[in-house]
Amino acid sequence: MFSEILKLRNMKPIYSLLTLLGMASLGFGQVGIATSNPQSTLDVTGNGTSTAAKDGMMAPRITRQQLAAKVAGTYAAAQSGSMVYVTDATTPTGTIPSVAQTVEIAAAGYYFFNGTLWKNVNDNIVNLYNSNGTLTGPRTVTQAANTLAFTGTAVNAFSVDGTTLSVDAANDRIGIGNNAPVVKLDIVGTTFGMKSATGSGSWDNIWFNVTPSIPSINASGAESGLQFNVGANSTGTYGDGQTLTTVATMLSNGNMGVGSTSPTRKLHVEGSGLFNAAVTTSVTKNAIDINIGQDGFAYGNRTDNFGINVRSASTVGTGAVARINFGDVNTTTAGLGKYLSFSVGNGLNELMYMTDNNSGRVGIGTITPTEKLHVIGNILASGTITPSDIRIKKDIVDNSYGLKEILGLRTISYRYKDESLSKDKKVGFVAQEIKAAMPELVTTANDEMKTLGVNYAEMTVILTKAVQQQQEMLQKQEEMLKRQQEQINSLKTEIKKLKTKL
């Protein structure tokens, strides 16, 4: 054997290695390279002391084209476990006998033959991408400045414990408590909430509770109520600088404020309110809304009034249907000049009740009533009654006005200068002339002009007296005529007797 080894010294290294391997396998069944004590069939020890030596083992290098060109049947079950390094994975061309065995070669790398196909050596490695598994302990992913993104198109593309959290990547939805969300954020459960705290402060909580009959929102924590704000937050990493506006506040005592942060009543509204019946508008039907606030009409020194306004919103036309207004006529004296009015339509067709210096007046068609009932326009009534019981009267004396005063009145026809009073031609008297003769029939209005008015109802008393006086005169004339007729008849009788004697 020694002489054979000497001969090998003059041969190329590859042949020496092959001979040694063959001899080793004959002698011991194990081959060692760079080691005299091989521990396995092939035991290779690297040259760690040399900085220039290239350690390693190189598998046969071949292209996919070359591997596929092998005669069909070259690789069979007997070649299972064979390993190569594919340097080029370009799809084979031409008539390729073994092309089916290379179908899974997609990139350069190590491949082994499993008896049927060439497989990538990494195919059997268990990982998150090809197998389910169980964590054996806590794991932490340190991202630093890197991003971690999950992309997908499935309905349940990402989930935690089935329904705890589900991401619907196909429809851009998130489900909590369900794996088939139908809106952007779909939460299924009887109760969910949010907590907020700064530092070691107390938690502020908001809870949403769903029961079979009454869903509820509960606020608890260090604060005494719940506020609803609108506008973008001006602090933090994102914001457009808008200031938050509190639109509603609910206190723990049950008070609700709209536009107020400190409501003092169960419903405290600062500003105008709108209650909409939400009726669909049409040509023939009105959609009605009820507004609590200003309606654009002014009284006295006010530039606008406040009240309850019912408005229409039909397609034919819009505007106020009815209003109930209240406020101050003046702006200087507290407690005086309060008013309450009722109106219908867009114009000032007012039925107004006012308390002006404690003298209540009602105006219909006017906002400045000067009497207890002040009406602009005609009145239609089936009857009127004036109290006349003697038990409620005193200082009773006979009326002295009568025919003389009536005969002294001048009747006129006229039109009002202010056409809002009436545009029609009227007949009547001059109040100043009546006042000169019968002042009790004339009333002075409490307005700037001190307008005079005539009590036509009480004038019937004067007319009655005049008729009585005229009737008394007629009766006297009738009695006088009767006596004269008797005298005439007596004279006729005497004349007749005289004629007979002659």
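The values are calculated or read from the model by the stated rules, or taken from the named source; none is laboratory data. All values derive from a computational prediction rather than experimental measurement. Cβ sites come from the backbone with ideal geometry, for glycine too, and all protein chains shown count toward neighbours.
Matching residues to (1) touching a residue at least 40 places away in the same chain (Cβ under 8 Å); (2) within 28 Å of Lys372 (Cα to Cα); (3) of a type in the set (D, E, K, R); (4) in contact with a Leu (Cβ under 9 Å, 6 or more places away or on another chain):
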| site | (1), (2), (3), (4) |
| --- | --- |
| Ile390 | no, yes, no, no |
| Asn399 | yes, yes, no, no |
| Gly408 | no, no, no, no |
| Ser422 | yes, yes, no, no |
| Gln485 | no, no, no, no |
| Ser490 | no, no, no, no |
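For the stretch 445-467, which positions are polar (S, T, N, Q) and either more than 60 Å from the chain's Cα centre (by Cα) or under 16 Å from Val430 (Cα atoms) (or both)?
Selection gives Thr451, Asn455, Thr460, Thr464.
Over 30 Å from Gly29 (Cα atoms) and outside any loop (DSSP other than H, G, I, E, B) - does that describe any residue in the stretch 41-60?
There is no residue in the stretch 41-60 that is over 30 Å from Gly29 (Cα atoms) and outside any loop (DSSP other than H, G, I, E, B).
List pairs: first residue in the stretch 115-144 and free of Cβ contacts under 8 Å to residues at least 24 places away in the same chain, second residue assigned to a strand (DSSP E or B) and of a type in the set (A, V, I, L, M, F, W, C) anywhere in the structure, Cβ distance under 7 angstrom, at least six positions apart or on different chains.
Between residues of the stretch 115-144 that are free of Cβ contacts under 8 Å to residues at least 24 places away in the same chain and residues that are assigned to a strand (DSSP E or B) and of a type in the set (A, V, I, L, M, F, W, C), the close pairs are Lys119/Phe112.
So which residues in the stretch 430-477 are polar (S, T, N, Q) and in a helix (DSSP H, G or I)?
Result: Gln432, Thr460, Thr464, Gln468, Gln469, Gln470, Gln471, Gln475, Gln477.
Checking Tyr85 against (1) in contact with a helix residue (DSSP H, G or I) (Cβ under 6 Å, 6 or more places away or on another chain); (2) modelled with pLDDT of 95 or more: exactly one of these is not met. Which one?
Tallying (1) in contact with a helix residue (DSSP H, G or I) (Cβ under 6 Å, 6 or more places away or on another chain); (2) modelled with pLDDT of 95 or more, Tyr85 fails exactly one: (1).
List the number of the failed condition for Val427; all other conditions in (1) touching a Ser or Thr at 6+ places or on another chain (Cβ under 6 Å); (2) within 30 Å of Gly360 (Cα to Cα); (3) not charged (D, E, K, R) hold.
Against the list (1) touching a Ser or Thr at 6+ places or on another chain (Cβ under 6 Å); (2) within 30 Å of Gly360 (Cα to Cα); (3) not charged (D, E, K, R), Val427 comes up short only on (2).
Identify, from the list Leu481, Leu441, Leu421, the residue that is out of contact with any strand residue (DSSP E or B) (no Cβ under 8 Å at 6 or more places or on another chain), farther than 21 Å from Gly363 by Cβ and not acidic (Asp, Glu).
None of the other options fit; the residue is Leu481.
Would you call Ser413 surrounded by fewer than 15 Cβ atoms within 10 Å (Cβ to Cβ) and either at positive phi or touching a strand residue (DSSP E or B) at 6+ places or on another chain (Cβ under 9 Å) (or both)?
Spelling it out, Ser413 is indeed surrounded by fewer than 15 Cβ atoms within 10 Å (Cβ to Cβ) and either at positive phi or touching a strand residue (DSSP E or B) at 6+ places or on another chain (Cβ under 9 Å) (or both).
If I filter the stretch 431-480 down to residues being in contact (Cβ under 8 Å) with a residue 60 or more places away in the chain and charged (D, E, K, R), which single residue comes out as farthest from Ser400 (Cα to Cα)?
Selected residue: Asp447.
Would you be able to say whether some residue in the stretch 433-448 is at pLDDT 90 or above, within 27 Å of Glu371 (Cβ to Cβ) and surrounded by fewer than 10 Cβ atoms within 10 Å (Cβ to Cβ)?
Taking every residue of the stretch 433-448 in turn, at least one turns out to be at pLDDT 90 or above, within 27 Å of Glu371 (Cβ to Cβ) and surrounded by fewer than 10 Cβ atoms within 10 Å (Cβ to Cβ).
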